[in-house]
Amino acid sequence: MKIAFFSDNFYPELSGITDTIITTTKELKRRGHEILYVGPYYSPQNYTLANRQFPQRPEDDAIDGMRILRLPSWHMPLSPTGQSRIVPAFAALPDGLRAFAPDLIHTHSPYGVGLAAVRAARRLAVPLVGTNHTAIEDFFPPGMRAIMRRWDAHYYNHCDFVSAPYARLIERMRTAGFAKPGRAVSNPADVHEFMLPTPKERAEHREAFGLTGPTLLYAGRLGVEKRVDVMVRATALLVKQFPTFTFVATGHGAARRSLERLAQRLGIGTHVRFTGYLSRAALPHVYQAADVFGMTSTSDSQSLALMQAYASGLPAVLARARGLPDYAPKECSFLIEPGDAKAFAEAAALVLGDESRRAQMSVAAAAYVTRFDPSLIAGEWERIYLDTISARAARSSS
């Protein structure tokens, strides 16, 4: 098959959507399918933010031989990543799309690039598959959330089939008028670099990061909706029980300064560390140095960082919000109510205070994440694409 992937969030932007698309398409290419990407134009500064090299020629704009076609765009003010772009609603379809002649188009967002995907599917008379990655209304003021939910439903009603990383997101769309076939399809987790450490490796990594006591890890963007403040507040409680406790948060984001101020106000500045962006080589090591992983976000659908934590053998304490409950088996995780720092601290203490429990949960976590292997998820998408093409052909011939 020839498959064109359209997304408003794409390389070099640091985002879970970008990672998901690239992980899936690499596996599809390995299976013999041809892939083309369509995404926004990113400036050289966007590449610098991601520590990536700006392509000097359009023909050099590719990932593992899979070409990227760009649509005109401009910087999005107040972007959560600092890299997000806005593509005009009626941007011209890129040169090269018709020559590629896709058998199917897969859209990953309902905005400028997503609208181009709808137009392309109509003009080329090919099926359109969609993925709704997140409840986007959470990023808008309360007065706009119902409008955005209806927009999601309206947009994805243009598709032949729609997926989401968790079932409740599809159900939520249906309450706003979504009527097309759809179901949950998990994102792939390319976690081959993340694994259970040996005692020697763990000791080495803890020494490298200067960790001497129990350690909680958060990895990801420091956005307001990630509610990292809950873990900072929980740290103030945990240090009373574990005096050498440290909370390590990786990544960058607009909330970092407020989180640093919160830690200082609570008198736990020395127990909270913000590492900033970690390279792909260093990131697995910080997982292997930690004891428990935390995610208190109220907006995450599945979270690649959570999958990386499980692969590294880290038990997790997660907020009962959005998609996280769908990825929280009791064998390797705890669920707490959103915003409840006391409950978070109590759950984390159960892991930190019981080495036997932590060891059992560690093994269970590493086993659980194997079900999201890219080869399995790509195989599921392969079946969805073939079924969608067949269904479209059957409708056309009837």
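The values are calculated or read from the model by the stated rules, or taken from the named source; none is laboratory data. Please read all numbers here as calculations on a predicted model, not as lab measurements. We place every Cβ from the backbone using ideal geometry, glycine too, and count neighbours over all the protein chains shown. Quick note on the areas: whole protein, heavy atoms, side chains included, nothing else; ligands and nucleic acids left out. Shrake-Rupley method; radii C 1.70, N 1.55, O 1.52, S 1.80 Å.
Please list, by residue number, everything in segment 311-328 whose backbone N is under 19 Å from a paramagnetic label point 7 Å out along Cα→Cβ of THR175.
Under cut-off, by backbone N: 320-326.
At 1.4 Å probe size, put GLU13, GLU225, GLU355, GLU207 in order of accessible surface, largest to smallest.
GLU207, GLU355, GLU225, GLU13
Per 0.36 nm of contour for each residue apart, how much would the distance between GLU207 and MET66 grow if the chain were fully extended, relative to their Cα-Cα spacing?
Contour length minus Cα-Cα distance gives 46.7 nm.
Quick one: how many Å² of LEU28 are accessible to a 1.4 Å probe, rounded to 10?
Rounded to the nearest 10, that gives 0 Å².
Using the Karplus curve 6.51 cos²θ - 1.76 cosθ + 1.60 with θ = phi - 60°, what ³J(HN,Hα) values do you get for each residue of segment 385-393, in whole Hz, with x for Gly and Pro?
After applying 6.51 cos²θ - 1.76 cosθ + 1.60, I find 4, 5, 5, 5, 5, 5, 5, 5, 5 Hz.
Quick check: with the 1.4 Å probe, what order do LEU237, LEU115, LEU49 take by accessible area, largest first?
The ordering from most to least exposed comes out as LEU49, LEU237, LEU115.
For THR244, THR81, give the ranking by accessible area with the largest first, probe 1.4 Å.
THR244, THR81
Check which residues have an amide H placed less than 5 Å from THR107's amide H, if you skip close sequence neighbours.
Placed amide hydrogens put PHE6, VAL129, GLY130, THR131 under 5 Å from THR107.
Note the angle between two axes, namely the Cα long axis of helix 112-124 and the longest principal axis of the Cα atoms of the chain, as a number of degrees from 0 to 90, rounded to the nearest 10.
Its long axis makes an angle of about 30 degrees.
Against the longest alpha carbon principal axis of the chain, how many degrees, from 0 to 90 and to the nearest 10, is the axis of helix 256-265 turned?
The answer is roughly 20 degrees.
Around VAL363, what is the net charge, scoring Lys/Arg as +1 and Asp/Glu as -1 over all other residues with Cβ under 12 Å from its Cβ?
That sum, taken over residues with Cβ under 12 Å, equals +1.
Using a 1.4 Å probe and ignoring any ligands, DNA or RNA, find the accessible area of LYS200 and quote it in Å² to the nearest 10.
The accessible area of LYS200 comes to roughly 140 Å².
Relative to the longest principal axis of the chain, what angle (0 to 90°, nearest 10) does the C-alpha long axis of helix 341-352 take?
70 degrees
For ARG31 and ASP138 in one chain, what is 0.36 nm times their gap in residues minus the Cα-Cα distance, to one decimal in nm?
Stretched out fully, the ARG31 to ASP138 stretch lengthens by 34.9 nm.
State the Cα centre-to-centre distance between segment 1-69 and segment 276-353 in whole Å.
Between the Cα centres of segment 1-69 and segment 276-353 lies a distance of 28 Å.
Excluding ILE268 itself, calculate the net charge of residues whose Cβ lies under 13 Å from the Cβ of ILE268, where each Lys or Arg counts +1 and each Asp or Glu counts -1.
+3
Carbon and sulfur together cover what percent of the accessible area of segment 209-312 at a 1.4 Å probe radius?
Looking at segment 209-312 in its full context, I get 53 percent from C and S.
Connecting C-alpha atoms closer than 10 Å in a GNM of the chain, tell me which of PHE209, PHE334, PHE372 has the biggest fluctuation.
PHE209
Determine the shape class of segment 294-369: with a ≥ b ≥ c the square roots of the Cα gyration tensor eigenvalues, call it rounded for a/c under 1.5, and otherwise prolate if a/b is greater than b/c, oblate otherwise.
oblate
Classify segment 121-200 from the C-alpha gyration tensor, please: rounded if a/c falls under 1.5, else prolate or oblate depending on whether a/b exceeds b/c.
Oblate is the answer for segment 121-200, as a/c is 1.5 or above yet b/c matches or exceeds a/b.
Out of the DSSP beta bridges found with both residues in the chain, what percent are antiparallel (nearest 5)?
Taking every DSSP beta bridge with both residues in the chain, the antiparallel ones total about 10 percent.
Taking the chain as a Gaussian network, Cα atoms linked when under 10 Å apart, which of ALA290, ALA319, ALA254 shows the biggest mean-square fluctuation?
Checking each option, the largest mean-square fluctuation is seen for ALA254.
Give me the distance in nm between label points sitting 7 Å out from Cα along the Cα-to-Cβ direction at ASP387 and ALA281, one decimal.
My value for the distance between the label points is 4.4 nm.
If ligands, DNA and RNA are left out, what is the accessible area of ARG31 with a 1.4 Å probe, given in Å² to the nearest 10?
Per-residue accessible area (ARG31): approximately 90 Å².
Sum up the charges of everything whose Cβ sits under 9 Å from the Cβ of PHE100, counting Lys and Arg as +1 and Asp and Glu as -1, but leave PHE100 out.
Result for the local shell: +2.
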